[in-house]
Each structure stands twice: as structure tokens, then as C-alpha cells.
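**Student:** Questions regarding the structure given below will be posed in turn.
Throughout, read-outs are computed from the coordinates displayed, never taken from laboratory work. Quantities reported herein were computed from a predicted structural model and do not represent experimental measurements. Methodologically, a virtual Cβ is constructed for each residue, glycine included, from the backbone with ideal geometry; neighbour enumeration extends over all protein chains shown.
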Amino acid sequence: AINPDRRVELLKATAKYNNGEITEDQYRAAIRSFRQNEHITFLLTREEIMNEVAKGFNTTDLRQVEISGRRIFENMNSDEVDRLGRVLYGRNYNQDIIQATTIIAKKRTCPNTCDFCSYVELICHELQ
């Protein structure tokens, strides 16, 4: 459960964004601590995750990325997007990690986002 004071803070920031009083970037900054501390995920955050991961693949649309002839990111549900964001956010969406993961994913004929995330975790573990 969220602390009542924090809940009020979140609602105020959301109201300001909805009323056009703050920009999208200001709203993202205002909710950042909620994403990190309370582990709340927002639709806005999921869009940001998709955009950041797409950059790692040198594209603007992650859903179009093919690995071994499959578009494994095409129909991700919210849990899959959240996990993808979690495993790559801590690595700052590092393009080298994404490329290394893609090589492994292609060799193993990666069937889905879940396996791709597992490959990211494996690579990051080996790099430590």
C-alpha cells in the first residue's frame, strides 16, 4: 500500500499533467520515484520502455524487430513490457547488451520476450 501522503503527491502530479499544467517530461520526472520506490508502472512508462528498447535495435518501432524471423516484441502484454524495462533499465538500455542478447537469441531461435529477457539477465550476470 502506498503511504497516504505519497498517494496525494501522485494524484496531484497526475491532475497537473491531465490539466496541462506540466509537460510530459515534468510528469515523468514527478512520477519517477513512484516507479522506483513503489514499483508502480504507468502506461506512459511502458511507451517510454518501448521507445528506449527500439533505439537499442536502431529502429523506431520495437514491434517490427525480427529475431530468427519472429516478431517477438509485436504482441507483448503489460507484464512482458514491464520485465523488458526492468532488465534493460538498470543497464541504461545499453546497445551492446541488446546486440549481444540478439546474437544469442538468434542462435537459440528465441521464441518470445520472456526468453529474450532471460538472455539479457544471463549476459549481464556473466559481465559482472
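**Student:** Express in nm, to one decimal, how much length is gained between Gln26 and Glu9 on full extension, taking 0.36 nm for each residue of separation and deducting their alpha carbon distance.
**Tutor:** 4.7 nm is the gain from fully extending Gln26 to Glu9.
**Student:** Compute the long axis of helix 78-89 from its Cα atoms, compare it with the longest principal axis of the Cα atoms of the chain, and write down the angle in degrees, 0 to 90, nearest 10.
**Tutor:** Compared with the principal axis, the helix lies near 80 degrees.
**Student:** Counting Lys and Arg as +1 and Asp and Glu as -1, each charge on the Cβ, what is the dipole of the chain about the Cα centre in debye, to the nearest 20?
**Tutor:** Here the size comes out at about 120 debye.
**Student:** Helix 95-107 versus the longest principal axis of the chain: what is the Cα-based angle in degrees, 0 to 90, to the nearest 10?
**Tutor:** 50
**Student:** If I fit a long axis through the Cα atoms of helix 24-37 and take the longest principal axis of the Cα atoms of the chain, what angle between them do I get, 0 to 90°, rounded to 10?
**Tutor:** 80
**Student:** A follow-up question, please. Sum -39500 (n - 2.57) across every DSSP H segment of at least 4 residues in the chain, then divide by the residue count to get the 222 nm mean residue ellipticity, nearest 500.
**Tutor:** Calculated at 222 nm, the ellipticity per residue is -21000 deg cm²/dmol.
**Student:** Can you compute the FRET efficiency between Lys55 and Asn18 using 1/(1 + (r/R0)^6), with r the Cβ-Cβ distance and R0 = 25 Å? Round to the nearest 0.05.
**Tutor:** 0.35
**Student:** Next up: Report the equivalent ellipsoid semi-axes for the chain in whole Å, largest first, defined as the square roots of five times the eigenvalues of the gyration tensor built from alpha carbon atoms.
**Tutor:** Three semi-axes, in Å: 31, 15, 12.
**Student:** Which residue fluctuates the most in the chain, going by a Gaussian network model with Cα springs under 10 Å, if the choices are Asp25, Asp115, Asp79?
**Tutor:** Judging by the Gaussian network model, the answer is Asp25.
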